[in-house]
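Student: First the structure, then my questions, so here it is.
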Amino acid sequence: MKVAVIIFPGTNRDHDALYMAQNVMGWEAVPVWHESSNLGGADLVILPGGFAYGDYLRTGAVARFAPAMDAVAKHAKSGGLTLGICNGFQILVEAGLLPGALLRNNSLQFRCDWTHLKVQTENSPFTREMAIGDVLRVPLAHGDGNYFAPPELLKKLNDERRVAFRYCDEQGRITPAANPNGSVENIAGILSEGRNVLGLMPHPENAVEDLLGSADGKRIFDSLAAAYADVGW
Amino acid sequence: MAQDTENPKATTGAAPEAGAQAGRLPDTYIPDPPGPELLAKVGLTQAEYDNIVTILRRKPNLVELGIFGAMWSEHCSYKTSRRHLKKFPVTGKYVLQGPGENAGVMDLGGDYAVVFKIESHNHPSAVEPFQGAATGVGGIIRDIFAMGARPIALLNSLRFGNLTELAPVGGEEEHSEAPEEAGADAPAEAGAEEETPAGGQIDWNAAPAPYVVVVNWMTNARRPIFERQNVARQAVEVIRQIHDDAHSGMGGAEVLGYCVVPDSILLALRVHSAEGVNKEEADAAVAEVVAVIKAQLAPVAAEVLRRGEQLFETGYRSQRKFDSRELAEAIKRIEFTPVQRALVQQVKDWPFVSSVWRFGVCWPDSVPATRRVEKAGPLPYSPGVTAEQAARNRFLLGGVVSGIAHYGNCIGIPTVGGEVVFDPSYSGNPLVNAMCVGIVHKKNIIKAIADGPGNHALIVGAKTGRDGVQGATFASVELAADSGKDRPAVQVGDPFMEKLLLEATLEIQKLPGLVGVQDFGAAGLTCSSVEMAARAGTGMRLDLDAVPQRASDLSAYEMMLSESQERMMVVVDRGLEEPFLEVFRKWGLTAVPCGQVLDIGRLIVIHEGEEVAKLPNAPLAEGAPDYDRPFEAPAWYRDRKPATDGDIAAALQRILGGQEDAQEDAQEGGQEGGQEAGDVFGPLLRRLLEHPSIASKYPVYQQYDYLVRANTVQGPGLTDAAVVRVKETGQGLAVSCDGPGRHAYLDPRLGGARAVLESARNVLAVGARPLGITNNLNFGNPEKPDRMWQLVEAIEGMAEACRELETPVTGGNVSLYNESRLPGSEGTLAILPTPTVGMVGVLDKYQNLIRNCTEREGLELFVLGSTDGRLDGSLLLFDLGRLRAGELGAHNYVEFRACDRFLSSAGSEGAIVACHDISDGGLAVALTELCLSGCNVDVAPQSGGAFGVSGRSGRLTQDRYDSEEHNLLAALFGEEGHRWLVAVPAEKKGWLRTAAMHYSAPLIPLGRSGGGRIVIRSGEQTLIDAPAGELQSLHREGLAKLLA
């Protein structure tokens, strides 16, 4: 599988995504500079975390205008696998590739911590190797991860089972205490209508080695690998 | 005085000279004479000004004066500390770059090297905490990537005043209330010993020849009796009495000198009588003296005996000669007054030491048991925190932490560790020491030189504005109540810009033609150009008109001294500039040639087409005055004494107040009734766990991204070192920051050494090998001799420890003038002297790291290392007990190295499951932190069973104090010595025992992990028994509760 990792000025988890793709998954991964609109025929596009353009305006608000984003939108709309993590999720939302909005954490502070995610759907290339109700231990690190959707959108997301993950505690209970940022209904990640675009705030790419805390995040990438092998996305 | 710079007149521009700073007077204006206000503004003294005039052979203009002021500021020139900093060992087989560059570099073996440095941003953070801390982080990161290294970890060592109100205590003449029968029969104070007749040299050859008497007393448990303070003091008292009696004609023998060693009294006597005394008479007189001593000491000695103990003359010694080696051993273990030391020396060298008299001692069967409790000494002043200060401290903490988070998170470098410590002395003058660690391929190391005359110097990055003008000067004066108006002296950080600068710098390092890079830190453009040229022996011509400017109408003075952030100077070979400019364009950075390297050692500054400064480069860089400021130990230090039973009792009273009685009742109950006593020391442990300096710092570090870059193997949490992986080599770097202010206050030399040893302990605890250190010396006003003394002593202590551990100093930073006004008083309060050490260690394979806590049950727990069982300097006494006094014990480097070797060996064997250093809060806190699933341990096992050590060093409870309760307190909460708590699987016990004996590393068995409760016993007596979960949640929420 070929992977493109989009790098904006201010992106800082590009390295983590590339390391995961190349060293842990053994994929062919290339960095793509924001000014380039050539994704090099990538099968999977990752928008990594960071502070694109400093995020001094609104997170992701400037990045969506980058030339690379036109290519990403084209890729996503034609059904290409697209994964936005953290800042990447924020950019996908700003770019209109995913619905809703990401607000300031309800603590009004940056949060870096280990959290648990409960798998909400098996029906996506990102989660097909998991079972609904599985609990993944992954870290998060963000200041603006408070996912918001108005009631009608929320209903639509739920009806279409497009919520991929919710924050939960170690035992898998979806409780307010397990919600690190105030996200509506503990939502941690959502899928696009075509289910080929996933945006999530936590960092599965930082949970791919047991020695570094957890390898649960790797299950997302294993799913992608299986989906790719199966369908040839 | 430097504080005069804070005079409001100076900045409001009321005085004509001061007004010139804002550019109203031309840059070339020559103030003649400059006047005290202007000199204070640029941070120079009249003598320094006169020196400048001598160097230049003319009077400097405004710009030149500003340049000199910045370069000769303490911050840039280390004019106060330079001569002392030279004492640090700076070389070693792994050192690739010592102090003097942007940062130090050490070899990791193979192709890679580690680059690291620590730097303070204390004063800016006191005034504007968010930006002050943010730009502190930004500055240290630039130092690292300016060397060509990829920054991979940040740490920070933070100090704040207390977050809640605290009343000051002590400092008055009145003695604190001593419990029980205090005072009734209190012995003379220790100081009286120096008045004894042992003052001079003893003339051993005089006739009649002096007698030496050795009285050996031990208990049947082989415990030296005179190590118990009351007994030793009583002995001194008795000897003084004999001396006085002899002089008043009542006795027959004169005391020439004496000393009391742990198991003996040594006495030099001359029979005081008419000439012609025969041997029998003399013997009788001496025997009488001994009888008096025996009779008077018997009751005192008896009352410190434990059940089943008896006193007797040590028979084993009477078989042997009293040799000097034994004496030397004894001497090491006790405190002597100088007079005693001199006497021991004399006795030791005395030719007929082998024929000393010995007297047996008989003891009456029963002795009256009277309980003596020593009176507490006067309580030294312990500063408090007003409600207003506490609120300010909370504001500062919040601001500093979010500033660090803002910068570090955005730029994408994980903040993996550090420390946060609270003490009233940091109120209004917080410490913000930031450390950055980077990795560089050896062939890509960039130097900060401006070589090759004719080459261009590019200024890269942000535009220059008015922010931070004279920050270096600002950092070199005391903070005043109205320092807030200096807010414009604090810079504003832009981590996004720095991220671009970082990536661009790492890209240009591979281009041909790169000569040197230096970041703009203190004194901005001035410092970078002067230092880069000085390192190459060249000069620099700066064209300020080319410098991109953020504000209009900047004067040359402001541009030279601006500390606008995120700027660098890059020197490139002539003709090869274009590829560099291309990289900078890619990253959206402005880069313009603004300087040219000269072949003469001059700094020439052009502004608006006019030459506004022309100065010789060498005196700017190296010609700063080298002050040998006077220093002197304060009186209290010279008279310091270890805490006594009385002091400890009074401190406990202050901690527990009314709770103490209940606690004692519980203890009594436990002893008498033989039932479960429960939680005797539980209340103290709970107080410690909740103390913000000990409690979990998660409310702080959860705001830092500690995971970015996917290298964090062990992140922030407990106090041990953080471990980051080096992907390039598969190694792990262990990094730790430690600044034991408490210990440095009580004894700056021992505290300075302790900073090094403590960080080494942390690095060793994770299984790494200490490599080298960077240090940040945070002290008060060096113009005050006692503060200067702290600095000098701490440096010597650190240097000593660095030599012993072979961990050289590769660079660092000095921050002086850390004092703040005491509320409602004219006086200033210096911070606790805080020598912060940032240590880097290496794990050959990051996978081999040892964790600092474990959930596993059934692990065998051991304490590695020994203690002398003193409570002095512990968080319990110093912070909770408010006892800012005491005496620390010397460091045992031999044992430290033995433990070091033991740990490395055990690490490669994989014998250790978890290891945690025993520091703040002592063993009890370490047990709570390490044993997530609880533990059941005995601090005074009947069977002993220590490995690698014999005798008292193999025990956790010492007999230091007369009160058994205090000895147990010391075992639980004492911090003396260098120790680790080690958890190993039962099957590795044999291996460990062999290793401990092989390395002579004290390894003392404690008990086992598991059971869900923290149970600490002393034999049959239960000292602490509480659910592990409850204690751990107190620990977790201690700081969070204060911030809520």
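Student: I'd like to check which helices (runs of 4 or more DSSP H) are fully inside the range B:686-799 and have at least 2 residues that are more than 14 Å from chain A (Cβ to nearest Cβ) and surrounded by 24 or more Cβ atoms within 10 Å (Cβ to Cβ).
Tutor: B:741-746, B:748-765
Student: In the range A:199-220, which residues are part of a helix (DSSP H, G or I) and surrounded by fewer than 24 Cβ atoms within 10 Å (Cβ to Cβ)?
Tutor: Of everything in the range A:199-220, those that are part of a helix (DSSP H, G or I) and surrounded by fewer than 24 Cβ atoms within 10 Å (Cβ to Cβ) turn out to be A:Asp210, A:Leu211, A:Leu212, A:Lys218, A:Arg219.
Student: Tell me, please, whether a residue that is more than 23 Å from A:Ser223 (Cβ to Cβ) and away from every other protein chain (no Cβ under 14 Å) can be found in the range A:75-86.
Tutor: no
Student: Another one. Scan the range A:41-62 for residues that are more than 12 Å from chain B (Cβ to nearest Cβ), farther than 12 Å from A:Val3 by Cβ and not in a loop (DSSP other than H, G, I, E, B) and report the count.
Tutor: Count: 0.
Student: Being of a type in the set (A, V, I, L, M) and part of a helix (DSSP H, G or I), is that true of even one residue in the range B:975-991?
Tutor: For the range B:975-991, residues of a type in the set (A, V, I, L, M) and part of a helix (DSSP H, G or I): present.
Student: Of all residues in the range B:1017-1044, which are without any contact (Cβ under 8 Å) to a residue 40 or more places away in the chain and farther than 17 Å from B:Gly398 by Cα?
Tutor: Answer for the range B:1017-1044, where residues must be without any contact (Cβ under 8 Å) to a residue 40 or more places away in the chain and farther than 17 Å from B:Gly398 by Cα: B:Gly1029, B:Glu1030, B:Ser1033.
Student: State all residues of the range B:384-415 that are surrounded by fewer than 20 Cβ atoms within 10 Å (Cβ to Cβ) and part of a loop (DSSP other than H, G, I, E, B); if no residue qualifies, say none.
Tutor: Result: B:Gly384, B:Thr386.
Student: Also: Is it the case, given these coordinates, that A:Met25 is more than 28 Å from A:Ala149 (Cβ to Cβ), within 14 Å of chain B (Cβ to nearest Cβ) and surrounded by 22 or more Cβ atoms within 10 Å (Cβ to Cβ)?
Tutor: No, not satisfied.
Student: If the Cβ limit is 8 Å and pairs must be 6+ apart or interchain, which residue in the range B:862-891 that is within 17 Å of B:Arg749 (Cβ to Cβ) pairs with which residue that is modelled with pLDDT of 95 or more and among the aromatic types (Phe, Trp, Tyr)?
Tutor: B:Gly886/B:Phe878
Student: Name the strands (runs of 3 or more DSSP E) wholly inside the range A:103-157 in which the number of residues that are in contact with a Phe, Trp or Tyr (Cβ under 7 Å, 6 or more places away or on another chain) and without any contact (Cβ under 8 Å) to a residue 40 or more places away in the chain is 3 or more.
Tutor: Counting at least 3 such residues, we get no strands (runs of 3 or more DSSP E) at all.
Student: From the list B:Ser866, B:Ser820, B:Ser825, which residue is hydroxyl-bearing (Ser, Thr, Tyr) and in a strand (DSSP E or B)?
Tutor: Sole residue among the options that is hydroxyl-bearing (Ser, Thr, Tyr) and in a strand (DSSP E or B): B:Ser820.
Student: In addition: Take the residues in the range B:843-852 that are within 14 Å of another protein chain (Cβ to nearest Cβ) and in a loop (DSSP other than H, G, I, E, B); name whichever of them is surrounded by the most Cβ atoms within 10 Å (Cβ to Cβ).
Tutor: B:Ile850
Student: Here is a further query. Suppose the filter is away from chain B (no Cβ under 14 Å), in contact (Cβ under 8 Å) with a residue 40 or more places away in the chain and charged (D, E, K, R); does A:Asp70 pass it?
Tutor: Against the criterion (away from chain B (no Cβ under 14 Å), in contact (Cβ under 8 Å) with a residue 40 or more places away in the chain and charged (D, E, K, R)), A:Asp70 does not qualify.
Student: Just the residues that are touching a helix residue (DSSP H, G or I) at 6+ places or on another chain (Cβ under 6 Å) and more than 14 Å from chain B (Cβ to nearest Cβ), please, taken from the range A:1-22.
Tutor: A:Met1, A:Val3, A:Ile6
Student: May I pose another question? For the range B:146-173, what are the residues that are basic (Lys, Arg) and over 19 Å from B:Ser693 (Cα atoms)?
Tutor: Hit for the range B:146-173 is B:Arg150, nothing else.
Student: Tally time: how many residues in the range B:934-973 are in contact with a Ser or Thr (Cβ under 6 Å, 6 or more places away or on another chain) and not in a strand (DSSP E or B)?
Tutor: 8
Student: Given the conditions (1) in contact (Cβ under 8 Å) with a residue 24 or more places away in the chain; (2) farther than 19 Å from B:Tyr704 by Cβ, report the number of the one that B:Val432 does not fulfil.
Tutor: Failing condition for B:Val432: (2).
Student: Can you list the helices (runs of 4 or more DSSP H) lying wholly within the range B:443-542 that have 3 or more residues being at pLDDT 90 or above and either of a type in the set (D, E, K, R) or out of contact with any strand residue (DSSP E or B) (no Cβ under 6 Å at 6 or more places or on another chain) (or both)?
Tutor: Result: B:495-508, B:524-536.
Student: Return yes or no: is B:Ala995 assigned to a helix (DSSP H, G or I) and under 20 Å from B:Gly881 (Cα atoms)?
Tutor: no
Student: What is the number of the single condition among (1) in contact with a Gly (Cβ under 8 Å, 6 or more places away or on another chain); (2) away from chain B (no Cβ under 13 Å); (3) not charged (D, E, K, R) that A:Pro180 does not meet?
Tutor: Of (1) in contact with a Gly (Cβ under 8 Å, 6 or more places away or on another chain); (2) away from chain B (no Cβ under 13 Å); (3) not charged (D, E, K, R), only one is false for A:Pro180: (2).
Student: When you scan the range B:1000-1033, how many residues do you find that are in a helix (DSSP H, G or I) and buried (at least 21 other Cβ atoms within 10 Å of the Cβ)?
Tutor: 2
The values are calculated or read from the model by the stated rules, or taken from the named source; none is laboratory data. Everything numeric here is computed off the predicted structure, so don't read it as measured data. Please note: Cβ atoms are built from the backbone with ideal geometry, for glycine as well, and neighbour counts cover all protein chains shown.
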